[in-house]
Amino acid sequence: MTGFQLLPGRLDRQAQSDLVAALDKIIVAAPLFTPVTPGGQPFSVRMTNCGRLGWVSDRAGYRYQAHHPVTGLAWPAIPKALLALWAEYVDSQVPPDACLINLYGQGARMGLHQDRDEADFRFGVLSVSLGDTAVFRIGGTKRGGKTRSVRLSSGDVCILAGEDRLAFHGIDRVISDSSQLISGGGRINLTLRKAGAP
Ligand code: SIN
Ligand code: FE2
């Protein structure tokens with residue numbers, strides 16, 4: 001089992017800006033929205049998705065669904081470059097069916113959580129960081145256990161798989177102006193998953 005794998009600088013500058021251009025188009029078709037927790041608290045990140053399924057959260061709970069919560073439209077397709085990363089590092093046979101796009105603006109963070117809304121935890125979660133550097137925190141599979149801090153910079157790819165598939169993780173903060181990639185600043189994180197049953 002591979003556990004947590006970090007591939008620093010896996011995407012070069014050109015690959016990063018190509019992805020940002022692809023994401024700009026996706027965000028036109030599937031606008032960013034601000035989800036709320038089941039308790040009604042708004043997230044500090046804005047989100048959208050691409051792929052057959054998208055992760056959403058509202059008063060009814062966390063779930064994957066096939067349409068955008070505001071427009072009601074199907075999500076746009078996952079960019080080919082992301083499918084290729086998944087095939088290389090996660091599964092060469094079964095493609096991902098969901099890609100969550102998180103946009104961290106000024107002050108945004110993400111509390112410690114597990115990714116557990118997917119049907120089959122045998123598939124890892126592949127994450128791509130773009131733009132400003134994030135201070136990522138990762139622990140074990142029990143809440144309240146020991147954690148460590150890892151910086152995720154633009155172009156870094158990381159994978160949560162095997163024994164770390166259900167590790168608690170989150171974003172403590174994003175370091176403003178640490179990258180010039182995204183006009184207007186901020187950070188984009190992409191997480192590719194196999195969400196539906198295989
Ligand atoms: C997430 O866990 O959904 C996001 C992680 C990240 O932003 O790197
Ligand atoms: Fe997560």
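Below are the figures for this structure:
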{"read-out": "Kirkwood hydrodynamic radius over Cα pairs of the chain, then Stokes diffusion coefficient at 37 °C and 0.692 mPa s, in µm²/s", "value": "196 µm²/s"}
{"read-out": "Gain on full stretching of the segment that runs from residue 15 to residue 94 - 0.36 nm per residue minus C-alpha separation", "value": "26.1 nm"}
{"read-out": "Taking the chain and dividing mean pair separation by its residue count, relative contact order in percent (alpha carbons under 8 Å, at least six apart)", "value": "28 percent"}
{"read-out": "Segment 18-98: trypsin sites (Lys or Arg not before Pro) in DSSP loop, at most 13 other beta carbons within 10 Å", "value": "59"}
{"read-out": "√(5λ) per eigenvalue of the Cα gyration tensor, segment 13-55, largest first, Å", "value": "25, 12, 9"}
{"read-out": "Accessible surface of segment 37-92 [probe 1.4 Å, protein heavy atoms]: carbon and sulfur percent", "value": "56 percent"}
{"read-out": "Residue with peak Gaussian network fluctuation, the chain [Cα springs, cutoff 10 Å], from 122, 187, 173", "value": "122"}
{"read-out": "Å² per residue, accessible surface of the chain at 1.4 Å", "value": "48 Å²"}
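The values are calculated or read from the model by the stated rules, or taken from the named source; none is laboratory data. Not measured: the values here are computed from a predicted model. So basically every Cβ, Gly included, is an ideal-geometry build from the backbone, and we count neighbours across all protein chains shown. We work out accessible area using only protein heavy atoms, side chains counted, and drop any ligands, DNA or RNA first. Shrake-Rupley method; radii C 1.70, N 1.55, O 1.52, S 1.80 Å.
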